[in-house]
Amino acid sequence: HEELDPLVKGLPAYFESNQIHVAALVVGQASAEFSHHLATSSLGDWLKREGVPAIYGVDTRAITKRIREEGVMLGKLLFPASVVGASGFQPLAGTDTYEDDVVVGAVLPEYQNVAWVDPNATNLVAEVSCKTPTLYSPAPETALKRADGRTVRIVAVDIGMKYNQIRCFVKRGVELLVVPWDYDFLAEADSIDGLFLSNGPGDPTTITATIERVKTALGMRKFPIFGICLGHQVFALASGAQTEKMKYGNRGQNIPCTDMLTSRCYITSQNHGYAVKADTLPGNVKELFVNANDGSNEGIYHTELPYFSVQFHPESNPGPRDTE
């Protein structure tokens, strides 16, 4: 985090966010050593600094098999219900609790119980979005100018934005105004040259304030609109389509997607658990990309206006960059 990006003032050079966003980490093996030439600490030390619990020595293949059969499931890490102190092995209180008519303490008497947390039942976007607007400007010699001499300005709605999305705009000479998820960007419609909807976590239907403003922006027909990942789903919802939770989700750096206009296939990076239902798209919105593995929707476009979005990450860092 210490080294800053040489292009975009205020951003770290080698990170995509200001913190770790996973609730916990589960791995089969872990190493206390590190060898990358830029590394300053181990993974374990980084997790400790960020306050993120982790566990290793787990048969992750068995977990994967279970998820393969059942679909995406809730999980939790349980810590030992006893600790070793000066007087020996000491039991901790509070293990005999009930959840869903199952006595947790009777099943796992040696562990403390913790409450289930369903991340999709909360507005995760409100937790990760920026709190105040921030303007990122390109170097004067690279700035993209309008006919009136003003630098082209894009408003980016931060619904969980990765830093590389900021870099991609700024390095192309664009002035990027990053605003919170519930910011009223419509009040500045006259100074907007384009609207960008970022990636983000969770169920897209929880951020109704964003969806309603995008719906209004679509009707204004004043500027281009582009979305990535969660932003793609927000654009679809604002257009009148529906989304659905996937059984597994698509997560990986080598997922093939077919361009419906050219039939060309691209390798993409993805990390999402919800998808746009293609059969609910209105007549003036068509599929732009389709997942070559499972047939799910990966992109849409408006047939008459400069509105489009993709489910995958064209800006993925470190790649692939087939669609950037």
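Just so you know, all these numbers are worked out from the coordinates, no wet-lab data involved. Since the model is a prediction, treat every value here as computed from it, not as a measurement. So basically every Cβ, Gly included, is an ideal-geometry build from the backbone, and we count neighbours across all protein chains shown.
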Any idea how far the Cα center of region 183-259 sits from the one of region 1-72, in Å?
27 Å
Using only helices, what value at 222 nm comes out for the chain when you add -39,500 (n - 2.57) per DSSP H run of length 4 or more and divide by the total residues, to the nearest 500 deg cm²/dmol?
-5000 deg cm²/dmol
Let's test the formula: R0 of 25 Å, r as the Cβ-Cβ distance of A32 and V72. What FRET efficiency results, to the nearest 0.05?
0.20
With 18 Å as the limit, write out which pairs from K48/K162; K65/K277; K245/K277; K247/K277 have Cα-Cα distances beyond it, or answer none.
K48/K162; K65/K277
Under the Kirkwood approximation applied to all pairs of distinct alpha-carbon atoms, what is the hydrodynamic radius of region 124-310 in Å?
16.9 Å
What order, most packed first, do the peptides 14-27, 233-246 have when packing is the mean number of other Cβ atoms within 10 Å of each residue?
233-246, 14-27
Taking the radius of gyration and the Kirkwood hydrodynamic radius from Cα positions alone, what is the Rg/Rh ratio for region 228-323, to two decimal places?
0.93
Hey, could you pull the Cα Rg and Dmax for the chain, both in Å?
22.6, 78
Tell me, what ³J(HN,Hα) does each residue in region 258-267 have, in order and in whole Hz, if you take phi through Karplus 6.51 cos²θ - 1.76 cosθ + 1.60 with θ = phi - 60° and put x for Gly and Pro?
9, 6, 6, 8, 10, 6, 7, 9, 10, 8
